[in-house]
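Enquirer: Please find one structure pasted underneath; my questions will follow.
The values are calculated or read from the model by the stated rules, or taken from the named source; none is laboratory data. Keep in mind it's a predicted model, so treat the numbers as computed, not measured. FYI the Cβ positions are ideal-geometry reconstructions off the backbone, even for glycines, and counts take in every protein chain you see. Keep in mind that these areas ignore ligands, DNA and RNA; they rest on the heavy atoms of the full protein, side chains included. Shrake-Rupley method; radii C 1.70, N 1.55, O 1.52, S 1.80 Å.
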Amino acid sequence: MSNNTNSSSSMMQSATDLQADANNQFSCQNYAAALESYTKAIDLLPDNIGSLLSQRSRVYTELKMYENALCDLDEALKYPGDHTERLFHRARVLYSMGRYSDTVDALKLLVPKNASYVKDYKRALERVLEQKYGRYDIIGMYNEAKHQTLPCLDRAEYTGSVKITDIARKGRGVVVTQDVSAGTLLLSSKPYAIVFQYETEESPYSAELIQMRLYEKLSQKLRQNPSTADTLLELCSAASISQPYKPQYMYHQGSRSYISNTLPPGTLVQIPNERIIGIIRANSFHVGDEITNYIEGISGEGSTKMTDGLGIWILPSYINHSCASNAEWFTIGDMLFVRAIQDIVEGGEVTISYSTESAFLPLAERNKTFKSLGFVCICEMCELERNQSEAARYRQLNHIQDIVLMKTKTHYNHEAILRIQSIIRDFTTASTDISSPIHLMGVVMFDPLVKLAANLLTCNEYKTASICVQAAFELLPRRGGILCFRMMRMMQVAGFYFKNGRKKEAKRWMDLLKQDCEIMFGGGVKLWEMLHKQDLINAIS
Ligand SMILES: [Zn+2]
């Protein structure tokens, strides 16, 4: 009897010691050691098992092992102790897991007890609106990202009416699961791994350096969360493509070991470094703050932030390229948004442009870029251009030369006006559908036509000028990769009309721009007002 009492008391002593040790390890951030001591203490089934479980859940939370943290908290709630505190921690774990509706439900019970939870409750509600309906406070995100050196935003991901599927001649791709109209948010995504330019101390900044930094981030992530390796390795790799540059770093050779979550527990998987580099090359997105770029673009300050970083986003990586793409992507902080910029019918493939303004380049140039990314473009526009006759190509070049010559005239006689009109007719009647890729083939005519229009205006040839501008924008349809450029030019045209005292035309172009702006970014009137010069908006409205 006395023996039993002794052993029980020494056991209790030992649980107390273990707990003290675990607490100590936890405060020193030695999570593995803390975990071991808490587990040993819990196994002794002491009286304070509830608080031990609750404490161990904090270690799991730090280690991002949220399922385990949740189990411990659910168990801890069966024992006496500070239940409000445990319930609150449970809500935070749910939040970290991205289970925002559950977080809201959990906090709903706590708010009446303690008003200090209201802030967390509201935050979780915002995440629910993002996750369920794709409703984001674009301006709030923009302002938040602008003031952070490493703008990793606390926002929910959203997957709209899209799914991954097999696409003929392309492998996998993304299609819409119902009809969507231009301006619909298709998805928003958090990065699997991201590196910002600020994080690379080397200067000058180079594409290869940032690729190397991203490679290091990926390796780090794979070491910390080996269970995510399969998601990453599902992505296609451009490893077999010859390098456009000479590899200077050791990371191109050898391989690393990771633990797989689909193979038997503890199985090590060798991933050749070349494969990871290939995944980066085929799937990484350049992070730039497009809204800032756009503001700088229209204010003529020039784009300075285009190479702000590099990241891998999983779902967006499945979207194929098209030179006449029907969707556009942009980033705010580390969040990547994909929006439809054309109407897309159910089952239609979602495409984005992998190369900004590539539509302005001739076919051969474009495909050089795509070859380095591991594919040959078979989009409608490329196919049309491949099949374009030599005669048609020659005529197109002639037209461009004529327009370029005419934009410097100081006077336009009747013959010149007729010639301009006939060239425009030849270009724009190629298809009655102005969003057709056929029109994109005339995209090279855009700048010469706008410049000609400006000159015509100064010569008081208003009617022909307006025909030129109209045609120019028909030749520059709303397509991915060139949409921001189109918007900047619309702003300039509106400004030009305004300066020439033609308020009605200026307003018309501002209205068209407003429409494109909403389709591109969403964000409503407030974003529009933030982006565009207030004095011009006031003047013409
Ligand atoms: Zn193409």
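Enquirer: Under 6 Å by Cβ, and 6 or more places apart or on different chains, what pairs join a residue from segment 54-78 that is among the acidic types (Asp, Glu) with one that is open to solvent by 40 Å² or more (accessible area, probe 1.4 Å)?
Expert: Glu62/Tyr31
Enquirer: Okay, moving on. Has segment 514-523 got any residue that is within 21 Å of the chain's Cα centre (by Cα), over 24 Å from Thr351 (Cβ atoms) and in a helix (DSSP H, G or I)?
Expert: Within segment 514-523 (the criterion being within 21 Å of the chain's Cα centre (by Cα), over 24 Å from Thr351 (Cβ atoms) and in a helix (DSSP H, G or I)), the answer is no, since none of the residues qualifies.
Enquirer: Looking at (1) within 16 Å of the ligand (Cβ to nearest atom); (2) open to solvent by less than 20 Å² (accessible area, probe 1.4 Å), which is the one condition that is false for Pro316?
Expert: Status for Pro316: all satisfied but (1).
Enquirer: Yes or no: Val345 in the same structural domain as Lys146 (by TED's automatic domain parsing), under 30 Å from Asp154 (Cβ atoms) and not charged (D, E, K, R)? Step through it out loud before you land on a result.
Expert: Numbers: in the same structural domain as Lys146 (by TED's automatic domain parsing): yes; under 30 Å from Asp154 (Cβ atoms): no; not charged (D, E, K, R): yes.
No.
Enquirer: Kindly evaluate Phe337 against the criterion of being within 30 Å of Asp179 (Cβ to Cβ) and either free of Cβ contacts under 8 Å to residues at least 60 places away in the same chain or of a type outside the set (Asp, Glu) (or both).
Expert: Considered against the rule, which asks whether it is within 30 Å of Asp179 (Cβ to Cβ) and either free of Cβ contacts under 8 Å to residues at least 60 places away in the same chain or of a type outside the set (Asp, Glu) (or both), Phe337 comes out as yes.
Enquirer: From (1) crowded, with 22+ Cβ neighbours inside 10 Å; (2) out of contact with any Pro (no Cβ under 6 Å at 6 or more places or on another chain); (3) at pLDDT 90 or above, pick out the condition that doesn't hold for Ala359.
Expert: If we test Ala359 against (1) crowded, with 22+ Cβ neighbours inside 10 Å; (2) out of contact with any Pro (no Cβ under 6 Å at 6 or more places or on another chain); (3) at pLDDT 90 or above, just (3) comes out false.
Enquirer: Same structure, new question: For segment 149-184, which residues satisfy the criterion of being outside any loop (DSSP other than H, G, I, E, B) and surrounded by fewer than 20 Cβ atoms within 10 Å (Cβ to Cβ)?
Expert: Within segment 149-184, Thr159, Lys163, Ile164, Thr165, Asp166, Ile167, Gly171, Arg172, Gly173, Val175 meet the criteria.
Enquirer: If you don't mind, there's one more thing I want to ask. Which count do you get for residues in segment 18-54 that are among the acidic types (Asp, Glu) and either surrounded by 15 or more Cβ atoms within 10 Å (Cβ to Cβ) or within 43 Å of the chain's Cα centre (by Cα) (or both)?
Expert: Qualifying residue count for the region: 2.
Enquirer: State yes or no: is Gly348 of a type outside the set (S, T, N, Q) and open to solvent by 30 Å² or more (accessible area, probe 1.4 Å)?
Expert: no
Enquirer: List pairs: first residue in segment 91-114 and open to solvent by less than 40 Å² (accessible area, probe 1.4 Å), second residue small (Gly, Ala, Ser) and not in a helix (DSSP H, G or I) anywhere in the structure, Cβ distance under 8 angstrom, at least six positions apart or on different chains.
Expert: Pairs found: Gly98/Ala156; Tyr100/Ala156.
Enquirer: Could I ask something else about it? Could you figure out which of (1) at pLDDT 90 or above; (2) under 35 Å from the mean Cα position of the chain (by Cα) isn't true of Asp433?
Expert: With respect to (1) at pLDDT 90 or above; (2) under 35 Å from the mean Cα position of the chain (by Cα), Asp433 is out only on (1).
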